[in-house]
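**Q** One structure is given below, represented as structure tokens, and several questions about it will come after.
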Amino acid sequence: MTGPFAWFKWEALFKDWAIFKDGFLTTLTVSILGLALALILGIFFGVLSVSKIKIFKFISRVYVEFIQNTPLVIQAIFLYNGLPLIANIVLPVKTIGVLAVGIYHGAYIAEVVRAGIMSINKGQLEAALSQGFNYWEAMRYIILPQARIVMLPPLTNQAVNLVKNTSVLAMIAGGDLMYRTDSWANEKLYYGPAYVLTGLLYLIICLPLATLAKRLEKVNFNNINRTEDEEMNIGCDKEATA
Amino acid sequence: MIKEVITPVNIKFLLQGFALTLYIAFISIILSTFFGTILGVIKSLSKGILGKLVGIYIEVVRNTPLLLWILVTRFVVQMKAVNAGILAFTIFTTAIIGEIVRGGLNSINKGQWEAALSQGFNTFQTLRYIILPQAFKNMIPALLSQFITVIKDTSFLWAVGIEEVTGKSMILMGYYSKPMQVFTIYIIVALIYFIVNYLLSLIFRAKHEKLTLQGK
């Protein structure tokens, strides 16, 4: 038996399980920290983008458009190869991973947050401001909690994409799961089992998140339909009473 | 100093790489949109074994990194590097577009189906003339952002040595040692991607607004 999935190849794989576990944990750590950074940047720039002050809006647009329209790979390689040469800044490779996926997905999350804020009635912000909240307080306590329901499904999808995109680390020797798999498979030439195991490990992180996103979307979809129905009912009632 | 970098030869070198980027992206987008639409329709309509299988394909591929599929096609399937790259992108993007199409179809009111069927359209005709045109209109933003992602993500192909524009720029950087020169190359590459993707998003946005206005 010497197919691409021969048993002895699986045995070799499980003997080196520690390598994959290490990569998996790196991917997980970078994902969690990257997501935290992406959320911070996303909320910050998302709120800036709906500001009335033009320069804030402009800064937010530049960040979102520049990051969304250039490849993550270039951004990561720039942090890894470019920064040391140009600015003499040498960062640990895991930090680069966190920064790369955090900044990249922060741009996407900024758009999600912007759309979420726009979905809330303008009167809410005016009411909050008239009650003595300042701009950030109004966002923090009044607008964002209401926008949360709209924002959660796309945010969860972004989290899935972020986890997948940590694989960019493999291109800069980042020690993540994809890097470990690639080097193990290239060394042993046992590609089949390595790729299957890696796929499963990514699924373990991403599938629950993706399922959650879908469920949240369904809840929102039903809610929207229900409010539309209710509005129609209210309309009917009015007609009936008139 | 920077003039040494911005030479016709270097620009041509990079643009050759970008031509390959666009070629791979274009073919992959066409193929994935075609297959993705079919899978999305199957997933949306079939409650049986076929729908389940399509669902498994979509979920497995959507929840694993693109780079994994690039490595799989490169080392497991024996074919020319560029074709293997296109295959990887088609496998990956088909799943994503399949999910977008499924969502788009589900957003169309059931009454549309019933109305079309009652007018004597068969299932295929209803899809082709009634449901899909409306669904595609809703899907344009998601599809657009996916197309731009395909163009950007072709840069992952440098991992298997395909010399698209990212690869070309890395090779070019190897010839220069001064920080400003290397920085210039980064800027040029970023601009090449940025200009094309930004224009694409502007065109699509304008088109989408026109469609939504027509809808009203």
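**Q** Shielding of B:84-94 by partners, i.e. mean partner chain Cβ atoms within 10 Å per residue?
**A** Partner-chain Cβ atoms within 10 Å, mean over residues of B:84-94: 0.
**Q** Would you list A:141, B:176, A:108 from fewest to most Cβ contacts within 10 Å?
**A** A:141, B:176, A:108
**Q** What FRET efficiency, computed as 1/(1 + (r/R0)^6) with R0 = 45 Å and r the Cβ-Cβ distance, is obtained for residue B:207 and residue A:15, rounded to the nearest 0.05?
**A** 0.20
**Q** While we're here: Averaged over B:67-79, how many beta carbons belonging to a partner chain fall within 10 Å of each residue's beta carbon?
**A** Counting Cβ atoms of other protein chains within 10 Å of each residue's Cβ and averaging gives 5.
**Q** Further question: If you average the alpha carbon positions of segment B:146-216 and of segment A:75-125, how far apart do those two centres end up, in angstrom?
**A** 17
**Q** Suppose only helical runs count, i.e. DSSP H with n ≥ 4. What mean residue ellipticity at 222 nm does that imply for chain A under -39500 (n - 2.57) per run, divided by all residues and rounded to the nearest 500 deg cm²/dmol?
**A** Dividing the helical sum by the residues of chain A leaves -26500 deg cm²/dmol.
**Q** Using only Cα atoms and rounding to the nearest 10 degrees, what angle (0 to 90) does helix B:66-75 make with the longest principal axis of chain B?
**A** 70
**Q** How about residue A:122: which lysines have a C-alpha closer than 29 Å to its C-alpha, ignoring those fewer than 8 places off in the same chain?
**A** Residue A:122 reaches A:52, A:54, A:57, A:214, A:218, A:238, B:137, B:207, B:210, B:216.
**Q** Among the lysines, which fall within straight-line cross-link reach of residue A:15, defined as a Cα-Cα distance under 30 Å, with same-chain neighbours fewer than 8 residues apart omitted?
**A** Within the straight-line cut-off, residue A:15 pairs with A:94, A:164, A:188.
**Q** How many angstrom lie between the Cα centre of segment B:17-83 and the Cα centre of segment B:92-116?
**A** Using only Cα atoms to place each centre, the spacing works out to 18 Å.
**Q** Which of B:144, B:113, A:134 sits closest to the plus end of the dipole of the protein assembly as shown, meaning its Cα is farthest towards the positive end, when Lys and Arg get +1 and Asp and Glu get -1 on the C-beta?
**A** So the residue furthest toward the plus end is B:144.
**Q** For each of A:183, A:31, B:118, count neighbouring Cβ atoms within 10 Å of the residue's Cβ, then give the residues from fewest to most.
**A** The fewest-first ordering by Cβ neighbours comes to B:118, A:183, A:31.
**Q** Filter chain A for me: DSSP H helices, axial length by Cα at least 27 angstrom, mean Kyte-Doolittle hydropathy not below 1.0. List them by residue number.
**A** Membrane-span-like by this criterion, though nothing is claimed about a membrane: A:17-49, A:93-118.
**Q** Once the piece of chain linking residue A:55 and residue A:22 is laid out straight, how much longer is it, given 0.36 nm per residue of separation minus the C-alpha distance between them?
**A** Working it through step by step, the gained length comes to 7.4 nm.
**Q** Give me the Kirkwood hydrodynamic radius of the protein assembly as shown in Å, from all C-alpha pairs, to one decimal place?
**A** Radius from the Kirkwood sum: 24.1 Å.
**Q** Continuing with this model, one more query. I need B:153, A:16, A:176 ordered by Cβ neighbour count within 10 Å, fewest first.
**A** A:16, B:153, A:176
**Q** Applying a 10 Å radius around every beta-carbon, put A:7-15, B:61-69, B:144-152 in order of their mean neighbour count, most first.
**A** So the order, starting with the most tightly packed, is B:61-69, B:144-152, A:7-15.
No value in this document is a laboratory result; all are computed from the given coordinates. Everything quoted here is computed from the prediction, not taken from an experiment. When we count neighbours, we look across all protein chains shown, and the Cβ atoms used for this are built from the backbone with ideal geometry, even at glycine.
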